[in-house]
Amino acid sequence: MLKVYRGELHVHSLLSPCGQPEMTPENVIGEAKEKGISLLALTDHNTAQNVPAFQEAGRKKGIYVLAGMEVETKEEVHVVCLFDKYEDILPLQKIVSEHFSGVENDERLWGTQWVVDERGKKIKKIKEALILATGLSLKKLVNEVKRLGGLVIPAHIDRPRYSLISNLGFIPAELEFDALEVRRPFKARELALEIPEINKYPWICSSDAHFLGQLKGSTLFQLKDKPSIAELRLAFKGLKGRKVWFNEE
Amino acid sequence: MLLKDVVEKLDLKVLTGEELLNNEVSGGFCSDLLSYVMANSQKGQLWFTIQGHQNIVAVASLVELAGVVVCDGMSVEEETIKKAEEQEICLLTSDRTIFKLAGELYSLLKD
């Protein structure tokens, strides 16, 4: 049966150095529940290590949590990469880890990086500076995620930094993105006047939440049965009754 | 050359770090890719960039740069200024291009 899910596909936990300490699994899932969000993707910077805790916390409250990561490429472009299960994203985690900058996190400058369990209990700190660019090129990242069966969505393309448009200035035609993420649709529309290729892709509108109050759930997905990468792929293509759209402010 | 002399000769506007102007400038560095600056710039250099977001402060702090010049009239975010004050980083601005500013600094340091 086709069903509509309120989605938020770009969320940081307290594992991202810039993610606030309040972004624990219970808090985020609780806030999502209150706001009617039924599909969430955890997308920390260059790591997926809090995915198991969030998937467990989500399962208890009936919220689907996708295994995600916001990878920073060597061009300093942020890309949201999505998979179904934690096991599915581990090969990407391995590739990303092999391309870390080698710089250790400086908590004074960037903040703490906590891996937690589903109740928010701190398990360990990640040593590498997750906030920095990896050595992966955009092309290599896109190809690897595709090979591994994930979805590739360039993040906040309307942001003046760390985005595909701000850093490259165009959309490379040879790369297969599944969708583009915008923060402010009116900004993205302005950009699309100059760069019409932006209109060739489906858009999602995400909050890139770093604290609880930022969670919004603007994007709606019509999917069959329960959410999955395969269902999202159909929705992005608008096939078999699946579709994606978002609410304007 | 002292940072205060560079500031005067290049006509830079000081946003933060007045107290750091007596520090020595050993050279200049130009790039807008933060990872590249972090890997290749050296302590004491003055960094010319168009980036105005807060991560430039982290880079300047880690490398111990003499200061950061946000060029070409690009805007500097409030958060960046706050961070620079906290981390005691000298933040400067100019309406002129990186090319011109770096060229002038090069001439000054060569003499």
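What is the sum of charges, Lys and Arg at +1 and Asp and Glu at -1, for the other residues whose Cβ falls under 9 Å from the Cβ of A:D208? Numbers along the way, then the final one.
On the way: positive: A:R159, A:R183; negative: A:E70, A:E181.
Here the charged neighbours net out to 0.
Toward the positive end of the charge dipole of the protein assembly as shown, with +1 on the Cβ of Lys and Arg and -1 on the Cβ of Asp and Glu, the farthest Cα among A:S16, A:V65, A:N50 is that of A:V65. Rounded to the nearest 10 degrees, the angle from helix B:78-87 to the longest Cα principal axis of chain B is 80 degrees.
Largest first and in whole Å, the equivalent-ellipsoid semi-axes of the protein assembly as shown read 40, 22, 17, each the square root of five times a Cα gyration tensor eigenvalue.
The Rg/Rh ratio for segment B:1-100 is 0.91, where Rg is the radius of gyration of the alpha carbons and Rh is the Kirkwood radius. Compactness of segment A:103-249, taken as the C-alpha radius of gyration over 2.2 N^0.38 Å, stands at 1.18. The label-point distance for B:S107 and A:L175, in a model that sets each label 7 Å from Cα toward Cβ, rounds to 4.0 nm.
Note on segment B:37-111: dipole from Cβ charges, positive end direction compared against B:V76, B:I89, B:A66; the farthest Cα belongs to B:A66.
Label sites at A:S97 and A:A230, each approximated as a point 7 angstrom past Cα along Cα to Cβ, lie 2.9 nm apart.
Seen from A:D178, the other residues with C-beta closer than 11 Å to its C-beta sum to a net charge of +1, counting Lys and Arg as +1 and Asp and Glu as -1. Note on segment A:141-235: with charges restricted to the Cβ of Lys and Arg (+1) and Asp and Glu (-1), its dipole about the Cα centre is near 260 debye. In plain terms, the residue of A:H99, A:H12 with the fewest other Cβ atoms within 10 Å comes first and the most crowded comes last, giving A:H99, A:H12. The charge dipole of the protein assembly as shown, taken about its Cα centre with unit charges on the Cβ of Lys, Arg, Asp and Glu (plus for the first two, minus for the last two), comes to roughly 1740 debye.
Percent of Cα pairs in segment A:83-135 per distance bin of 10 Å, from zero to the largest separation: 22, 43, 33, 2.
Note on the protein assembly as shown: antiparallel DSSP beta bridges, both residues inside, total approximately 55 percent of the bridges counted. Segment A:R108..A:E56, full-extension length gain: 15.6 nm, with 0.36 nm per residue of separation and the alpha-carbon distance subtracted. Stretching the chain fully between A:L90 and A:K237 yields a gain of 50.3 nm (0.36 nm per residue, less the alpha carbon separation). Beta bridges per DSSP, both residues in chain B: antiparallel share near 25 percent.
Think of the protein assembly as shown as having a plus end and a minus end, set by charges on the Cβ of Lys, Arg, Asp and Glu; of A:V244, A:L215, A:S166, A:V244 sits farthest toward the positive end of this dipole.
Dipole magnitude for chain B: about 320 debye, using +1 per Lys or Arg Cβ and -1 per Asp or Glu Cβ, origin at the Cα centre.
Where a number appears in this text, it was derived from the coordinates with a stated rule and is not lab data. Here the structure is a predicted model, which means the values were calculated and not measured. We place every Cβ from the backbone using ideal geometry, glycine too, and count neighbours over all the protein chains shown.
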